[in-house]
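As structure tokens, the structure follows; a few thoughts come after it.
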């Protein structure tokens with residue numbers, strides 16, 4: 001994901017979820033994805049998909065069982 005796409009998706013996620021603490025961090029060796037962060041905690045990955053000439057972004061969030069025990 002280039003810097004422009006990263007900023008656009010970050011702004012969308014912040015607005016959609018009403019949380020300005022969400023951010024996207026570009027990955028050093030990957031150009032098709034960015035890390036999804038909540039403040040300084042990694043919570044998932046956003047992948048860019050541009051098959052068939054249409055661009056979309058997929059959000060994958062992992063929830064560890066140990067994190068569920070804390071709530």
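Worth a mention:
- For segment 10-34, a residue qualifies if it is surrounded by fewer than 16 Cβ atoms within 10 Å (Cβ to Cβ) and at pLDDT 95 or above, and the qualifying residues are 11, 12, 14, 15, 16, 17, 18, 19, 20, 21, 25.
- Which listed residue, of 5, 52, is loosely packed, with under 10 Cβ neighbours inside 10 Å and either part of a helix (DSSP H, G or I) or touching a residue at least 60 places away in the same chain (Cβ under 8 Å) (or both): 52
- Considering the conditions (1) on the phi < 0 side of the Ramachandran plot; (2) assigned to a helix (DSSP H, G or I), residue 30 is excluded by exactly one of them, (2).
- Within segment 8-32, tally of residues that are in contact (Cβ under 8 Å) with a residue 24 or more places away in the chain and closer than 19 Å to residue 63 by Cβ: 1
The values are calculated or read from the model by the stated rules, or taken from the named source; none is laboratory data. Every value quoted in this text rests on a predicted model; they were computed, and no experiment measured them. Reconstructed Cβ throughout: ideal geometry from the backbone, glycine too, with neighbour counts over all protein chains shown.
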